[in-house]
């Protein structure tokens, strides 16, 4: 029965050329226009990650090293172990390792790194052109040694300040994360009695991570931007059809056929879900064929598309319920004429508004299209599913919430007399 | 089968239906007559359990259907005044969709859809989109969608509005066949008196939300058994002529049509000489005078003071 509701909705849409044009033709046209028109502005060369990163080193690694060696010598541990620890400490310089990573030619191609001693942190953070600041606190190396070699539980910490949303800041954060992961690996190796020589590996790992972030072309950006915007029109399409069904009394026939309320509402959800998913797949399929925009990870792409389509289904149920409750289709009309544009703007469909301020970034990610866009862009840049699992979960949770609210406000007397 | 007990429906300050009582016996065709705005559609929506009455009860075999509508719904087919179909689906797709809603599937669904297409005479056009149908074909399909689950009771709300005489005749014959061959109980609302006269065993006449009279066709016509209708056709109908007719104390009702005046007078009154005199004095040219037995239309006029299609 639910399958019949979905099939009916699909047939109605397929036979409505005007709707098809809005849902598939318009986004494709806009992707082409915006992608070509803004290509020269957005694509700008092969170096997408440009920006300045500052590293402030507040301590003295050599003194930390000497202090720990002195402590080891004075301790009561066996002589052989003492010798191993001293050798390990002498060959391992965490701060130098971090500096080495950021000073490597591969990283310098993408960002300008300045390493400073004791400097006023506030002064640097106020500089608008610095995308990120990494603060290495006093006794950092000493704490690392104790953590790695002596098994001290307190975890040494670096502080990372992100000044803007530029790719340089995100890349620097990735490098620091990789650096942290390498230290964790070193600690585990030491605990298991394995000697390590880790001064070079983190740099390699980090650069691998950075270069995964592919440059974002205008056509790619607007493919995502327009698709997540136009998928919202499915909401008004499905909810308007439902209201017209009520007005024409076709809905009465379903009421008289004793269709349970949940089945009708779920049928509406599923119709919107299927239509949204099909729209996304057709649109991305066409863009892949025509413009060569490819998805590096099909599983992740499908997961995000499914969760985004589910949130569209949830919104359709909510709009339908408001239409039925208010006995007019004004909710659907308002959604398609105003809400879609607002959502598209804050969600970043026209340009990355998240770079304007954190408030916009937060608002954008709260919208279904914004959350979907954020996840799609990450996937296109080469991130894995773990990086977008938050958006995936958020969209699914949002769809459940919207469905529940819609189901609660759907007028019960419609189905039960 | 169905008992409607003193139902009233109020929408805020407006009372659309006021204390209506009626009954339907199994296998009979009952007409509900009334002008636009009389409350017919609201009444049948309540009987169909689509809207609850503000006051009163509706019973199916002595069981209230207000709180437990499922049984009535399972034996009820409804033909709304609106075309309750999907215009972008074909006739067959529409019927298959509603058949699925009634939980029909597979061969059973196909058989039933074929049977209904036969009944409504649309087998040849079953794959055409509904939006390309004529008004009459849409109305036939609208009826077909109500027949898929073999209802025992079918409620038809003005099913012939706005269609050509040929389609209208087809629909009336179909309804009569359903009643006679399938023993379906029919509640038929219309403001076409001749349809109700053709189809119905009993008639309820409704105006301003109330039932103003009910009975068999003969019983209702007997209301005017002591009267006759004189239809005067004219070439030049003058307002003064209608005015003087209205002033004549022996005339009970006057209604004016296109160059035609109908008057209701007691059977024993002979008015011919007066009519010609009135015509002469008001410069009205009479082309014919016809004396008729009362029709249901005349009864309605007599009871409400207005024509059915006012």
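If the condition is being at pLDDT below 90, surrounded by fewer than 20 Cβ atoms within 10 Å (Cβ to Cβ) and within 14 Å of another protein chain (Cβ to nearest Cβ), then the stretch A:258-295 contributes A:258, A:260, A:261. Residue pairs whose Cβ atoms lie under 6 Å apart, separated by 6 or more positions or on different chains, with the first residue in the stretch B:114-128 and at negative phi and the second surrounded by fewer than 18 Cβ atoms within 10 Å (Cβ to Cβ) and in a helix (DSSP H, G or I), are B:117/B:123.
In contact with a helix residue (DSSP H, G or I) (Cβ under 7 Å, 6 or more places away or on another chain), at pLDDT 85 or above and crowded, with 16+ Cβ neighbours inside 10 Å: is that true of residue A:55 in this structure?
When the stated conditions are applied, residue A:55 passes them.
Let's see how each residue does on (1) closer than 23 Å to residue A:341 by Cα; (2) assigned to a helix (DSSP H, G or I); (3) under 10 Å from the mean Cα position of the chain (by Cα):
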site	(1), (2), (3)
A:360	yes, yes, no
A:382	no, no, no
A:388	no, yes, yes
A:399	yes, yes, no
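Condition test on residue B:152, is it within 16 Å of residue B:27 (Cβ to Cβ) and modelled with pLDDT under 90? No.
Only one of the numbered conditions (1) facing another protein chain (nearest Cβ under 10 Å); (2) more than 23 Å from residue B:189 (Cα to Cα); (3) out of contact with any strand residue (DSSP E or B) (no Cβ under 9 Å at 6 or more places or on another chain) is violated by residue B:122, and that is (1).
Counting only strands (runs of 3 or more DSSP E) that fall entirely inside the stretch B:236-310 and contain at least 2 residues that are modelled with pLDDT of 90 or more and in contact with a strand residue (DSSP E or B) (Cβ under 8 Å, 6 or more places away or on another chain), the qualifying elements are B:260-266, B:285-292. Evaluating residue B:140 against the criteria (1) closer than 28 Å to residue B:20 by Cα; (2) away from every other protein chain (no Cβ under 14 Å); (3) modelled with pLDDT of 90 or more; (4) surrounded by 20 or more Cβ atoms within 10 Å (Cβ to Cβ) leaves one unmet condition, (1). The criterion of at least 3 residues that are touching a helix residue (DSSP H, G or I) at 6+ places or on another chain (Cβ under 7 Å) is met, among helices (runs of 4 or more DSSP H) falling completely within the stretch B:67-128, by B:91-101, B:106-119. From the list A:29, A:23, A:14, the one residue that fits, being within 14 Å of chain B (Cβ to nearest Cβ) and modelled with pLDDT of 85 or more, is A:14. Taking the stretch B:1-35 as the range and being in a loop (DSSP other than H, G, I, E, B) and closer than 17 Å to residue B:187 by Cα as the test, the residues that pass are B:1, B:25, B:26, B:27, B:28, B:34, B:35.
Scanning the stretch B:226-248 for residues being within 27 Å of the chain's Cα centre (by Cα) and exposed (fewer than 13 other Cβ atoms within 10 Å of the Cβ) gives a total of 1. Can you name the residue in the stretch B:68-82 that is more than 7 Å from every other protein chain (Cβ to nearest Cβ) and within 25 Å of the chain's Cα centre (by Cα) and is also surrounded by the fewest Cβ atoms within 10 Å (Cβ to Cβ) among such residues? Top of the filtered list is B:75.
A count restricted to the stretch B:1-55 and to residues that are touching a residue at least 60 places away in the same chain (Cβ under 8 Å), under 19 Å from residue B:213 (Cβ atoms) and touching a helix residue (DSSP H, G or I) at 6+ places or on another chain (Cβ under 7 Å) stands at 7.
Total residues in the stretch A:296-307 satisfying the condition of being closer than 12 Å to residue A:377 by Cα and either crowded, with 22+ Cβ neighbours inside 10 Å or free of Cβ contacts under 8 Å to residues at least 24 places away in the same chain (or both): the figure is 2.
Of the residues contained in the stretch A:233-244, none is found to be out of contact with any strand residue (DSSP E or B) (no Cβ under 9 Å at 6 or more places or on another chain), over 24 Å from residue A:398 (Cα atoms), outside any helix (DSSP H, G or I) and at pLDDT below 95.
The values are calculated or read from the model by the stated rules, or taken from the named source; none is laboratory data. Quantities reported herein were computed from a predicted structural model and do not represent experimental measurements. Methodologically, a virtual Cβ is constructed for each residue, glycine included, from the backbone with ideal geometry; neighbour enumeration extends over all protein chains shown.
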